[in-house]
Amino acid sequence: MVTRCGARETRPTSESWWREGVLYQIYPRSFADANDDGIGDLRGITGNLEYLEWLGIDGIWLNPIHPSPNVDWGYDVSDYTGVHRDLGTLADLDELVAEAGRLGIRVLLDLVPNHTSDQHPWFRERPAYYVWADQVPNNWQSIFGGGSAWELDAETGRYYLHNFAREQPDLDWWNPGVRDEFDRILRFWLDRGIAGFRIDVAHALIKDNELRDEPSAEDRVFSMNRPETHQILRDWRRLADSYDPPRILVGEAYVLDVERWARYYGSGYDQLNLAFNFGLVHADLDAAEMRAVVAATEMLLPEGAWPGWTGSNHDVGRLTTRWCDGDEARARCALLILLTLRGTPFLYYGDELALADGHVPPERRLDVAEPSRDPCRTPMPWSRHGGWTNPWLPLEDTSRNVEEQRTDPSSTLHFTRDLIALRRRFRDVRLGSYAELPAPEGAWAWQRGEGVVVAVNLCATPVEIEGIEGAVMLATNRARESELVRGRLRLGAAEGVIIVAPEAK
Ligand code: GLC
Ligand code: CA
């Protein structure tokens, strides 16, 4: 299809799919339930691939799907090459990957290399894979619940390290046996056609070999963030690159300081392909704050490296709640930003509906962490009735749901879909450079490539931005689409637009 601006509709293929595409995070227990036992499953995902294709998604990342005692809902793995029986079977996963592939959707799994479950056979059969001490050796604190990260093991009378829950002993990445095991695990999945991995706490793998005290619980430089971790990522990148087509590594390098975070790409861009930018995640939906994170990212990322953007996940909560206090107009501004910055956007299931965090009463709390992350893990509302029978976490508010928004062209779901389609159509939106433009306080404007301008007003009063020319191709306030802007752009409160110059591609 050739548009009036001469742009072609293209679907990213081959090696650059992850740079050009839109990724979508699925929390498998909460996405869709095929056998009606109240727990989302792999066949539920397969059954709804059509929805993701309709939305324009290019790849999905599944939170851990492996056997697990579920102390931390899959992040305590007891078998890295199996599938949790609640979620289905290996055959179900193969079918999901094959079906998704037919629709042009790649599948990423979640790799949890920092720790296992204490129920993993390695914990008893290969104790040398873990980090042990005869006495509590330092001041390291567990991230869940505080308190010492060292736990006395009654069986051996020694202490083992757990940066997270006590049922999640940390692996000892100085041990070559651990490295070999994970090489096998990576190959097992990559050989099955998995497009890559999201790597859990990618910054944490190696611990200081002298187990030195941390300067403070906020500044963890010995229990994680060790320089030697980079070599592991480099080795995995080489492995992922050796596949045809190359597979990708997306890192959860949970580092807010942009300079330190950028190191996980490697100075030769030889480590992570993508990393979630937690600087942006933890900024407010505020023009000055976000602009500063993006400017730092553009400046500090190594040559060629590609940013990864998200506003929601299963830990931090949903962007509609965190950034927007539930307000749909602001959620559209957030989506507009995530999908038009230079880099790869990750949507969290429900973001496309402006879904807010759910309500989980105290007696139904299931999360090991405090504050509870359950509210951002509640089931996907497929319809006004929910589409679930007795789901594992409650689904109370279905006012923003797929069925109703899909039939309503003015919905946020359609807005998101149109935004994704526009990305596909305009190469500049997918791949063009980022250049900030002058904008008054409270507003933010930038140019992508040669001819696409994005402008958003994040404050509560109208603003005017000077020097902007072109046609409004997409707007959070959809009535404005097709408006021509000649020099001065007026934006109301919580309003954003994409403007395309006549010649842009
Ligand atoms: C990561 C995961 C989180 C999990 C933790 C421990 O931060 O995203 O959900 O609890 O690692 O595995
Ligand atoms: Ca089920």
Checklist entry - Which shape class, rounded, prolate or oblate, goes with the stretch 133-291 when its Cα gyration tensor gives a ≥ b ≥ c as root eigenvalues, a/c under 1.5 marks rounded, and past that a/b bigger than b/c marks prolate? => result oblate
Checklist entry - Counting only heavy atoms of protein chains, what accessible area per residue, in Å², does the chain have with a probe of 1.4 Å? => result 38
Next on the checklist: For Leu437, what residues show an amide H to amide H distance below 5 Å, using hydrogens built from the backbone and excluding near sequence neighbours?
Outcome noted: Ala445, Trp446, Gln447
Checklist outcome for this item: Between the residues Ile465, Ala435, Gly449, the Cα farthest towards the positive end of the dipole of the stretch 434-504, that dipole coming from +1 and -1 charges on the beta-carbon of Lys, Arg, Asp and Glu, is from Ile465
Checklist entry - In degrees between 0 and 90, to the nearest 10, how far off the longest principal axis of the chain does helix 176-191 point, with axes built from Cα atoms? => result 40
Checklist entry - Once phi is turned into θ = phi - 60°, what whole-Hz ³J(HN,Hα) does the Karplus curve with 6.51, -1.76 and 1.60 give for every residue of the stretch 336-347, x standing for Gly and Pro? => result 4, 5, 4, 8, 10, 6, 6, x, 9, x, 10, 9
Item to check | Vicinal HN-Hα couplings computed from phi for the stretch 293-307 (Karplus, 6.51 cos²θ - 1.76 cosθ + 1.60; Hz; Gly/Pro x) | outcome: 5, 5, 4, 5, 4, 4, 7, 9, 5, x, 3, x, 6, 10, x
Checklist entry - Which value, in debye to the nearest 20, gives the size of the charge dipole of the stretch 178-236 about its Cα centre, when Lys and Arg are +1 and Asp and Glu are -1 at the Cβ? => result 340
Checklist entry - Across every pair of different alpha-carbon atoms, what Kirkwood hydrodynamic radius in Å does the stretch 434-504 reach? => result 11.8
Checklist entry - Dimensions of the stretch 91-178 along principal axes (Cα, Å, largest first)? => result 55, 28, 22
Next on the checklist: For the pair Thr156/Ala493, report the inter-label distance in nm, with labels modelled 7 Å from Cα in the Cβ direction.
Outcome noted: 6.0
Checklist entry - Sequence-distant or interchain residues sharing an amide H contact under 5 Å with Asp110, placed H: which? => result Leu62, Ile65, Arg198
Checklist entry - Compactness ratio of the chain: Cα Rg over 2.2 N^0.38 Å, N = residue count? => result 0.97
Checklist outcome for this item: Descending accessible area (1.4 Å probe), largest on the left, turns Thr412, Thr46 into Thr46, Thr412
Item to check | Area accessible to solvent at Trp382, 1.4 Å probe radius, in Å² | outcome: 40
Item to check | Order by protection proxy (mean Cβ within 10 Å, highest first), peptides 292-303, 207-218 | outcome: 292-303, 207-218
Next on the checklist: Could you give the length gained by full extension between Trp174 and Ala128, i.e. 0.36 nm per residue of separation minus their alpha carbon distance, to one decimal place?
Outcome noted: 15.5 nm
Checklist outcome for this item: Any residue on another chain or 5+ positions along whose placed amide H is under 5 Å from the amide H of Asp170 is listed here as Val131, Leu161, His162, Asn163
Checklist outcome for this item: Treating every alpha carbon of the stretch 200-317 as one equal point scatterer without solvent, the Debye formula yields log10 I(q)/I(0) values at q = 0.10, 0.11, 0.17, 0.19 Å⁻¹ of -0.32, -0.39, -0.89, -1.07
Checklist outcome for this item: One can check that the equivalent ellipsoid of the stretch 268-347, built from the alpha-carbon gyration tensor with semi-axes equal to the square roots of five times its eigenvalues, has lengths in Å, largest first, of 23, 13, 10
Checklist entry - Of all accessible surface on the chain at a 1.4 Å probe, what whole percent is carbon and sulfur? => result 47
Next on the checklist: Quick check: pseudo-label points 7 Å beyond the Cα along Cα→Cβ at Asp408 and Tyr269, how many nm apart are they?
Outcome noted: 4.2
Item to check | Karplus-derived 3J(HN,Hα), 6.51/-1.76/1.60, for each residue of the stretch 419-428, Hz, glycine and proline x | outcome: 5, 5, 5, 5, 4, 5, 6, 10, 4, 4
Item to check | Exposure of Ile185 as accessible area (Å², to 10), given a probe of 1.4 Å and all protein chains | outcome: 10
Next on the checklist: Which one, Leu87, Leu419, Ala334, is farthest towards the positive end of the dipole of the chain when Lys and Arg carry +1 and Asp and Glu -1 on their Cβ?
Outcome noted: Leu419
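The values are calculated or read from the model by the stated rules, or taken from the named source; none is laboratory data. Source: prediction; values computed, not measured. Here the Cβ is made from the backbone with ideal geometry for all residues, glycine too, and neighbour counts use every protein chain on show. Quick note on the areas: whole protein, heavy atoms, side chains included, nothing else; ligands and nucleic acids left out. Shrake-Rupley method; radii C 1.70, N 1.55, O 1.52, S 1.80 Å.
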